[in-house]
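Peer 1: Input: one structure, supplied below.
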Amino acid sequence: MASPQPLLAHHFDTLDQQRESASLGMWVFLITEVMFFGGLFIAYIVYRTRSHAGFVAGSHELNVMLGAINTVVLICSSLTMAIAVRASQLGDRRTLVRFLVLTAILGLTFLGIKAVEYQEKFAHHLVPGPHFAWHGTTPGTVQLFFSLYFVMTGLHALHMIVGIGLIAWLLPRSMRGRYGPDYHHPIECFGLYWHFVDIVWIFLFPLLYLLGRSEHV
Amino acid sequence: MGNWLFLPPQGSTVAAEVDALYLALVAISAFFAVLIAVLVIFLGVRYRRQSDDQVGVHIHGSTPLEILWSAVPLAIMLASFVWGAMVFFKLSRPPAHAVEYFAVGKQWMWKFQHPDGTREINILHVPVGQAIKVTMTSEDVIHDLFVPGFRVKMDVLPGRYTTVWFEAKRAGKYHLFCAEYCGAEHSRMGGWIIVQEPHDYERWLAGERGTDNRLAGPEDLYKRYACESCHRFDSTARAPQLAGLFGREVRLKDGQTVTADENYILESILQPNEKVVSGYQPIMPTFQGQMSQEEAHSLVRYIRGLEAGK
Amino acid sequence: MSTTERAVAEPPNYLSADYGVKSWLLTTDHKRIAILYLVAVTVFFVIGGIFAVLIRLELLTPQGDLMQSDTYNRVFTMHGVAMIFFFLIPSIPAVLGNFMVPIMVGARDLAFPKVNLASWYVFVLGGAFTLYAMIAGGVDTGWTFYTPFSTTFSNTHVVATGLGVFIVGFASIMTGLNFIVTIHRMRAPGLTWFRLPLFLWAHYATSLVMILGTPVIAITTLLLAVERGFKIGIFDPALGGDPVLFQHLFWFYSHPAVYIMVLPAMGVISELVAAFSRKAIFGYKFVAGASVAIAILGFLVWGHHMFVSGQSVYAATIFSVLSMLVAVPSAVKIFNWAATLYKGSVSFDTPMLYALGFIGLFTIGGLTGVMLATLGLDVHVHDTYFVVAHFHYVMVGGTIMGYLGGLHYWWPKISGRMYPKFWSKLAALIIFVGFNLTFFPQFLLGYMGMPRRYHVYPEEWQVLHVLSSAGASILGVGYIIPVFYLIWSMRYGPRAGDNPWGAAGLEWQTSSPPPTHNFVTTPVVTTEPYEYKAEEVTVG
Amino acid sequence: MHVSPLRVYLLIFSALMVLTLTTVLVAFQHLGPLNDLVALGIAGTKMTLVVLYFMHAKYSTRLTKLVLASGLAWLLILFAFTLSDYVSRGWLGVAGK
């Protein structure tokens, strides 16, 4: 099914050049994302070393079970995404569509669980700002912990939402069979992005939920 | 305008050394700048184009030359680094016998406090020939105590102590500026350091003693804020022993160990439950906002002075 | 070929290929996007320039006569923000880089043309945020936005400006990404890495810094906006936050950013010195390597902005010694440019005047930078006018001289027209004189203790301030003259041939102005860059 | 372009699951400072698996590997130099130096 649009853009000479350029461009973009989240991670590490007590107390408020489930959900979505990319490489339209949808569903599940967690924090007055209430010791640094918690997980969730939006953009094209062995780099690049967002959570989960879990408050 | 070298007055013992470093680097920089300028102008004129289609000789380069003008600048710069680092550590470490004054930066004024409690705003009288260490903190934004005449400068941070020291070498009035942008009246947040002969300073201090703008003594503060109700000096105390605390390693409840320096003691007064000592409960109330910076610092100096086993 | 045959055979060039607003606002042609950027950055240069004039007028008198303190604080902040984020960082890469990189690489366009157009719209959007903040009342935090003043104590439009800087950062990332992929994947046949013109090496190094540094300023301005918007304390000391952490995150980007500003100018100077000496650059590989070395080492030195900020003395010592290291590649470049003149065929055309001006002024800027990196000296001169003079020597004496030199060098290629020799050389001279009169006195003021961002100062310094303000008016005149004769040249300037300077380089082997796809047939590169042979030189 | 067999993906997937389970269980054991190292070590291993096999870094060009490595290297530069300040504060024994 030849798609109306030519596969090769006018300024490229070969399909390989086009795909390699797209792939290199995506990896370089992911480096900017690594440095973007890197700024947050160094803030978290620095503050954790300075205010150990507050951060341990704050992290004990988080629900490890929901965090672990979310990690599993995201790793599953990485699997389904990898299978989707493989399908696009082989031009297997049905599998590509099915596993893109599966990835989106898993992404939505993750966001659902995240919403539950946020609602819990809201109920316990743990959202930083005027309504923040903490009766234990070190209210200052506990609020700092939750500020970083919300910025880091919020930014991650935003990247998930953008990812699901991109799946919605890729889905109709996949259904029309646009992607095959010659032209599939949009799916491949989106796969790189999705795996990156999963990797960010792979680090967020231990940093926020697990560190200091064995210490009693 | 100072002498023809546009140097500010050399008011402190360190000023001459900083100026020597400055003038040495100015000389080296001037040499290289003139060298490059002369080189470029001479070569440009000497090899100016003779005819429209004239082309330059094809020269690739020369590795020895490259090594030369990498190694020589690096050597010079490392030398200036070493000399600069020596001056820097001298500027950073106050001598042991330095007398401690206290300064508070507050949006757009400087509040000074002499060792005996006398207080001044925007003006600081100091005796000549005496090493003076100023411990500083801010009540709002970042400020910076800058005395060009003494070649010293240090940021003043909210929630933390920072230190600057100098030893005035010549009596006189020296400009005081705030060197970290701090808002509307940043340009006017300054004043004078007035350096006097020791006997004039003592006479000025005595004159000031009559007025009531003296801070209550540290012992009164220790009682007024009921520190002694928990930090008693006998063994039944429900709070850590303060005598001999300064400089000691302290084991915290979460296993970390910290050295009890001035910032640790200040933090333990203002936000006590940040670093709870192991074996104790986080029951100490916070004094953030209840006591002024001057009172907090007076208590910190008092605790620092408590000998072990008092 | 006589002109008539040429007119018939020549395909329509990128300017005449299409007309109308849509052809400009929806173009994906890197050359047209370069022109769009030229207009946008010039607008912000004028804005930043107006604020500069206000600052110099205010400082004529020791008392704050012309304006209130908080007005002055907004004026110097907006001068900084407009100049740095909206002129110095984008000017050479987005205008000259966008136009020349694909041509020098021998490609038809950048790797991602749509991303390139998107970067212009993102730049304009970021500019709109910042302009809104300026019009609605300005921001008074200084271009450094230090906390806790910017988060808690300032009641000006900090969030709007912060978001403006956040957004314009992405334009920088997009341009950097485009250049890296284009230089890696779209080189013409035979164009190996060591046959690349040094302009491309410089832009490759700059793109590395754009990609690795800009995201950190993005997260920093985002945290600033979040802390200020939701009233939560991330850098608030009362809650256990640390204002010095903000400075670490800010300078992690903002020092490499000065290399984003100066490296492209160095690339331009390498081209100018080679072209106007008609000689290969001396030590090509060392100059190319120096660009990449600056980009990498530039990330290890940011702490030299914080020697007196409460940072530990040991960290300061590490940053100081590494700052000495980062100065070596710059020295290598200066010496190589000077050595290139030896046995060359040097012609003092206007671009060459800017190049020689750059070499002289950047040397002074670089050397005073080494002085500032010397620990013992920085304690006294930190946050004084010595620093102001240093970075203006590097930014105005360096980057802007490089930008004007590049603009005058490639103007015939961009517009197909030549500008008047006399007026352009006069303007270059006026700029050089006005610049030195403006900023050299500030070194002296700085060492005497004149603090940065002060508009009330002791009377004894007024003479130097008056000299500086006088210099600024000359510099202002110098900058206005090119605007006239360049615009004039677009209609009335004599037609410039394909190679008016008789220079080597792929851009001079296509027509002026070039066709939409840059080359009639994709060029094949067989020689070293800057290969000048007597018989091959074709002038006009 | 490298197409991995499904078997590889399922193998890596199960490894990631095991590592996730491990890191959660280990977090509740009293290992003192070792806890943090183990948690970050496991996270690093999981990242490496995802990057190499799911993102095909293992089969990609040397340039892609270089880009990936430089990203991690710059992250370490940001971490190392910033922490060098916080770790060495107070060593001089003078407040604020």
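Bear in mind that the values in this text are calculations on the coordinates, not laboratory data. This structure is a prediction, so every number in the text was calculated from the model and none was measured. Cβ coordinates were reconstructed from backbone atoms using ideal geometry, including for glycine residues, and neighbour counts include every protein chain displayed.
Peer 1: To the nearest whole number, what is the average tally of beta carbon atoms from other chains within 10 Å of the beta carbons of peptide A:139-147?
Peer 2: Working: counts 5, 13, 7, 2, 6, 9, 1, 1, 10.
Mean number of neighbouring Cβ atoms from other chains: 6.
Peer 1: Can you show me the helix-derived [θ] at 222 nm for chain C, built from DSSP H runs with n ≥ 4 at -39,500 (n - 2.57) apiece and divided by the number of residues, rounded to the nearest 500. Mind dumping the intermediate values first?
Peer 2: Working: 17 runs with 341 residues, N = 540.
Theoretical 222 nm ellipticity from helices: -21500 deg cm²/dmol.
Peer 1: If you take each beta carbon of peptide B:120-128 and count the beta carbons of other chains within 10 angstrom, what is the mean? The partial results should precede the final answer.
Peer 2: On the way: counts 0, 0, 0, 0, 0, 0, 0, 0, 0.
That average works out to 0.
Peer 1: Something else about it: Please work out the Kirkwood hydrodynamic radius for the protein assembly as shown, using every pair of different C-alpha atoms, and report it in angstroms with one decimal place.
Peer 2: On the way: mean 1/r = 0.0312 Å⁻¹.
Computed over the protein assembly as shown, the radius equals 32.0 Å.
Peer 1: Nearest 5 percent is fine: what portion of the DSSP beta bridges confined to the protein assembly as shown is antiparallel? Spell out each step's value before the answer.
Peer 2: Working: 35 of 49 bridges.
Restricted to the protein assembly as shown, the bridges split so that about 70 percent are antiparallel.
Peer 1: I've got another one for you. Could you give me the ³J(HN,Hα) list for segment C:134-145, computed from phi with Karplus coefficients 6.51, -1.76, 1.60 and θ = phi - 60°, whole Hz, x at Gly and Pro?
Peer 2: Residue by residue, segment C:134-145 yields 5, 5, 6, x, x, 9, 10, 9, x, 5, 8, 6 Hz.
Peer 1: If you don't mind, another one. Extending each Cα 7 Å along its Cβ direction at C:Q462 and A:I105, get the distance between those two points in nm, one decimal.
Peer 2: Roughly 8.1 nm, to one decimal.
Peer 1: With the radius of gyration and the Kirkwood radius both derived from the Cα set of segment A:116-205, what is their ratio Rg to Rh?
Peer 2: 1.20
Peer 1: Residue by residue through segment B:225-231, which ³J(HN,Hα) values in whole Hz follow from phi under the Karplus form 6.51 cos²θ - 1.76 cosθ + 1.60 (θ = phi - 60°), with glycine and proline marked x?
Peer 2: So the J values, rounded to whole Hz, are 8, 6, 5, 5, 5, 10, 7.
Peer 1: What distance in nm lies between label points placed 7 Å from Cα along the C-beta direction at C:W24 and B:Q256?
Peer 2: 5.8 nm
Peer 1: Let me ask something else about it. What FRET efficiency would be calculated for the residue pair B:R232, A:H216, taking the C-beta separation as r and a Förster radius of 25 Å, to the nearest 0.05?
Peer 2: 0.30
Peer 1: Next up: Sorting B:E100, B:E249 on the 10 Å Cβ count, fewest up front, what's the list? Let's see the in-between values first.
Peer 2: Numbers: B:E100 18, B:E249 8.
Fewest-to-most ranking of B:E100, B:E249: B:E249, B:E100.
Peer 1: Sticking with this structure for a sec: Tally Lys and Arg at +1 and Asp and Glu at -1 over the other residues with C-beta under 13 Å from the C-beta of B:P282: what net charge comes out? Numbers along the way, then the final one.
Peer 2: Working: positive: B:R238, B:K253, B:K275; negative: B:D254, B:E274.
Overall, the nearby charge balance is +1.
Peer 1: With a 10 Å radius around each residue's Cβ, average the other Cβ atoms per peptide and rank B:195-205, C:248-258, highest first.
Peer 2: Values: B:195-205: 15.2, C:248-258: 24.4.
Ranked from most to least packed, the peptides come out as C:248-258, B:195-205.
Peer 1: Continuing with this model, one more query. Going 7 Å from the Cα of C:A118 along its beta-carbon direction, which residues of segment C:17-38 have the amide nitrogen within less than 18 Å of the resulting point?
Peer 2: Taking a point 7 Å out along Cα→Cβ of C:A118, the residues of segment C:17-38 whose backbone N falls under 18 Å are C:25-30, C:33-34.
Peer 1: Next question. Could you list C:M104, C:M134 so that the one with the fewest beta carbons within 10 Å of its beta carbon is first and the one with the most is last? The partial results should precede the final answer.
Peer 2: Working: C:M104 24, C:M134 21.
So the residues, fewest neighbours to most, are C:M134, C:M104.
Peer 1: Moving to a separate point now. Pulled fully out, how much extra length does the chain show between B:A37 and B:W204, if you take 0.36 nm times their separation in residues and subtract their Cα-Cα distance? Don't skip to the answer; put the middle values down first.
Peer 2: On the way: separation 167, 0.36 × 167 = 60.12 nm, distance 5.61 nm.
Result: 54.5 nm gained on full extension.
Peer 1: On average, how many beta carbons from a partner chain sit within 10 Å of the beta carbon of a residue in B:280-291? All intermediate terms of the calculation are to be shown ahead of the outcome.
Peer 2: Values: counts 0, 1, 4, 1, 1, 0, 4, 0, 2, 1, 0, 0.
Across B:280-291, the average partner-chain Cβ count within 10 Å equals 1.
Peer 1: Taking amide H atoms as placed 1.01 Å from N in the peptide plane, list the residues 5 or more away in sequence, or in a different chain, whose amide H sits under 5 Å from that of B:W110.
Peer 2: Residues meeting the amide H criterion: B:N122.
Peer 1: What's the FRET efficiency of C:Y492 with C:V292 using the Cβ-Cβ distance as r and R₀ = 41 Å, to the nearest 0.05?
Peer 2: Values: r = 43 Å, r/R0 = 1.04.
Taking R0 as 41 Å, the efficiency between C:Y492 and C:V292 is 0.45.
Peer 1: Can you tell me which of C:182-193, B:278-289 comes out highest on packing, and rank the rest after it, using the mean Cβ neighbours within 10 Å? The partial results should precede the final answer.
Peer 2: Working: C:182-193: 17.9, B:278-289: 13.3.
My ranking of the peptides, most packed first, is C:182-193, B:278-289.
Peer 1: Right, next: Expected output is a single nm value to one decimal: the length gained when fully extending between C:M67 and C:F153, i.e. 0.36 nm times separation in residues minus the C-alpha distance. What is it? Mind showing how you got there, number by number?
Peer 2: Numbers: separation 86, 0.36 × 86 = 30.96 nm, distance 2.13 nm.
Length gained between C:M67 and C:F153: 28.8 nm.
Peer 1: If I fit a long axis through the Cα atoms of helix C:421-448 and take the longest principal axis of the Cα atoms of chain C, what angle between them do I get, 0 to 90°, rounded to 10?
Peer 2: 20 degrees
Peer 1: Also, quick follow-up: If you average the sequence gap of Cα pairs under 8 Å that are 6 or more apart and divide by the length of segment C:29-164, what percent do you get for the contact order? Walk me through the numbers before you get to the answer.
Peer 2: Numbers: 140 pairs, mean separation 43.8, N = 136.
Rounded, it is 32 percent for segment C:29-164.
Peer 1: Which far-off residues, 5 or more places away or on another chain, put their amide H under 5 Å from the one on B:E100, with H placed in the peptide plane?
Peer 2: Those qualifying (amide H under 5 Å, at least 5 residues apart or on another chain) are B:K133.
Peer 1: Further, regarding this structure: What length, rounded to one decimal in nm, is gained on full extension from C:V524 through to C:A188, with 0.36 nm per residue of separation minus their alpha-carbon distance?
Peer 2: Details: separation 336, 0.36 × 336 = 120.96 nm, distance 0.62 nm.
Going from the current span to full extension adds 120.3 nm.
Peer 1: With a Förster radius of 45 Å, plug the Cβ-Cβ distance of C:I481 and B:T63 into 1/(1 + (r/R0)^6) and report the FRET value to the nearest 0.05.
Peer 2: On the way: r = 43 Å, r/R0 = 0.96.
Taking R0 as 45 Å, the efficiency between C:I481 and B:T63 is 0.55.
Peer 1: Still on this structure, I have one more. Within segment B:99-210, what percent of beta bridges assigned by DSSP are antiparallel, to the nearest 5?
Peer 2: Details: 26 of 39 bridges.
DSSP beta bridges in segment B:99-210 are roughly 65 percent antiparallel.
Peer 1: To make sure I understand the rule: partners must be lysines, Cα under 30 Å from the Cα of B:K275, and not fewer than 8 residues away in the same chain. Which ones qualify?
Peer 2: A:K121, B:K106, B:K111, B:K133, B:K223, B:K253, B:K310, C:K231, D:K97
Peer 1: Pairs of alpha-carbon atoms within less than 8 angstrom and 6+ residues apart define the contacts here; what relative contact order does segment B:99-210 have, in percent? Walk me through the numbers on the way to the answer.
Peer 2: Working: 269 pairs, mean separation 32.1, N = 112.
With pairs under 8 Å counted, the relative contact order is 29 percent.
Peer 1: Given springs between every Cα pair under 10 Å in a Gaussian network model of chain B, which of B:A206, B:A168, B:A131 has the largest fluctuation?
Peer 2: Comparing B:A206, B:A168, B:A131 in the GNM, the peak value goes to B:A206.
Peer 1: Next question. State, as an integer percentage, the relative contact order of chain A based on alpha-carbon contacts under 8 Å between residues 6 or more apart.
Peer 2: Values: 201 pairs, mean separation 77.0, N = 217.
Answer for chain A is 35 percent.
Peer 1: Can you list the aspartates and glutamates whose alpha carbon sits under 19 Å from that of D:K46, skipping same-chain ones fewer than 8 residues off?
Peer 2: D:K46 reaches A:E33, A:D198, D:D36.
Peer 1: What is the angle, in °, between the Cα long axis of helix A:139-175 and the longest principal axis of the Cα atoms in chain A? Nearest 10 is fine, range 0 to 90.
Peer 2: Once rounded, the angle reads 20 degrees.
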